[in-house]
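Here the structure comes first, spelled out in C-alpha cells, and everything after it is commentary.
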Amino acid sequence: MTAGNLFSLLSRRRRDETTTMNSKGNRMEWRDYQAAQKVAELNGRFMSFAEEGRGLPILLLHGIPTWGYLWHRLIPALAETRRVLAPDLLGFGYSDKSDRFDRSIRCQTEMIATWMEATEMHGAAVVGHDIGGGIALRLATLYPHLVSHLCLMNSVCYDSWPIEMMLQFGHPEADRKMSASAAQTVLKQALKKGFSNSPNDGILEGLLAPYATEIGKRSLIRNAASLNTNQTTELTHLLPRIHAPALILWGEDDPFQPLKYGERLAWDIPKTRLIRIANARHFVMLDQPQEVERHLLVFLES
C-alpha cells in the first residue's frame, strides 16, 4: 500500500447495525462514543476512528476483542494537550467487517502506517494494548520515523500469544456452531478475568457491542483466526534498535499477558521505564484509569 491512492477523510458521523443490540448500564456512553467517530476510506475499506483535541498526535491502539471505546476514560485528559486519535482496527469495532481481507497485525500495521503517512501524522506518540501493542512494536521497529514515544500496556510480544481461548474462538467451526448471543456470553465471561474488580455490565456490553450481531461475531472470529505469534517473535532482534523513549505500564496480575513479558520488554528496549500497576489485570486502563493517566501524561511531557 502506498500513500498516493489512499485515504479520503469523510469526517462524517455514522451509526450501524448495533442499533439492534440489547444493552443496559452505560449504553449511551458507548453509543455516544460511536456516534462521534469519523471514517477514513481506503480502496473500498473503511476505518472508523475517534479524534479529539489539538496538538502533537497521540495514537491509541486497542486489542482483541475490544475497539476504540477501550480508551474512553483516557481520551478527555489526553485531549487537553494532544490530538488524540483512536482507530478501530480493520475487522474490529465499527470499521470494515467484510469477510475478504487479512486482519493480521502485519496488515494492520501497514494500514496504520499508511494512514499516518497519508495524514502527515509523523512523530506520533503511539500507545498500544494487547495486539495493539504488537502493532505499536511493529511501528516502532519497522516505521521508526512515525513514532516519537512508545507506550505499551499489557501488550502481546515474543511468543506470549495467542491465548488458548482466542485460538479456540478463531476456529472456523466457531462461526458455524456458535450464535452471536452465545459468543457474547462466552466473551463476557472471558473478559471478566481481565479485570481486577468485577466490571459493570455497561463496560462489558460497551466493549463487545460491535460483535453482538452475526456479522460482528463472524468478523471477530476472523480476527482471532489471524493471530500469529511469528509476527512478534520476528521483531525480537529489532527491539534493542528502538530509539523512541518507551514506557511500559503493566497490570501486575494479568492472567493473559503475564508481567514477565513486560519485564522482558523493559530489558530488551533501550530508554524504557517499566511501571507495575498494582490491583490491575489485563485491562489496566480501566482497572486503574487515574494512575495510568498520570503516568502517561508525565511520560508524554518528558
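The values are calculated or read from the model by the stated rules, or taken from the named source; none is laboratory data. In this text the structure is predicted, and so the values were computed from the model without any measurement. As a convention, Cβ positions derive from the backbone with ideal geometry for all residues, glycine included, and neighbour counts pool all protein chains shown. Just the protein is used for accessible areas: all its heavy atoms, side chains included, with ligands, DNA and RNA removed. Shrake-Rupley method; radii C 1.70, N 1.55, O 1.52, S 1.80 Å.
The mean sequence distance of close C-alpha pairs (under 8 Å, at least 6 residues apart), as a share of the length of the chain, puts its relative contact order at 19 percent. A Förster radius of 30 Å combined with the Cβ-Cβ distance from N43 to T81 puts the calculated FRET efficiency at roughly 0.30.
On a per residue basis, the chain carries 41 Å² of accessible surface, using protein heavy atoms and a 1.4 Å probe. Taking each residue as 0.36 nm, the span from D201 to L297 lengthens on full extension beyond its C-alpha to C-alpha distance by 31.7 nm. Dimensions of segment 102-205 along the principal axes, based on C-alpha atoms and rounded to the nearest Å, stand at 43, 33, 28, largest first. Here the extension length gained between T233 and L142 equals 31.4 nm, from 0.36 nm per residue of separation less the Cα-Cα distance. Charge dipole of segment 209-302 (Cα centre as origin; +1 on each Lys and Arg Cβ, -1 on each Asp and Glu Cβ, all else neutral): 260 debye, rounded to the nearest 20. With a cut-off of 14 Å on the backbone N, the residues of segment 218-234 near the modelled label site 7 Å out from A182 along Cα-Cβ are 218.
Computing Rg and the Kirkwood Rh from the Cα coordinates of segment 109-154 gives a ratio, Rg/Rh, of 0.93.
Taking the protein heavy atoms of segment 157-288 in the context of the full set of protein chains, the accessible area attributed to carbon and sulfur is 49 percent at 1.4 Å. What the Kirkwood sum gives for the chain is a hydrodynamic radius of 19.0 Å, with every pair of different alpha carbons counted. A Cβ-based charge dipole, computed about the Cα centre of segment 117-276 with Lys and Arg at +1 and Asp and Glu at -1, lands at about 80 debye. A Förster radius of 45 Å combined with the Cβ-Cβ distance from L56 to H171 puts the calculated FRET efficiency at roughly 0.60.
Please work out the FRET efficiency for the pair T119 and K192, using the Cβ-Cβ distance as r and a Förster radius of 30 Å; give the result to the nearest 0.05. That gives a FRET efficiency of 0.25.
Here is the size of segment 201-302 from its Cα atoms: Rg then Dmax, 16.4, 45 Å.
Note on segment 69-144 and segment 213-280: Cα centroid distance 14 Å, given to the nearest whole angstrom.
The dipole here belongs to segment 150-214: it is taken about the Cα centre, uses +1 on the Cβ of Lys and Arg and -1 on the Cβ of Asp and Glu, and is about 140 debye.
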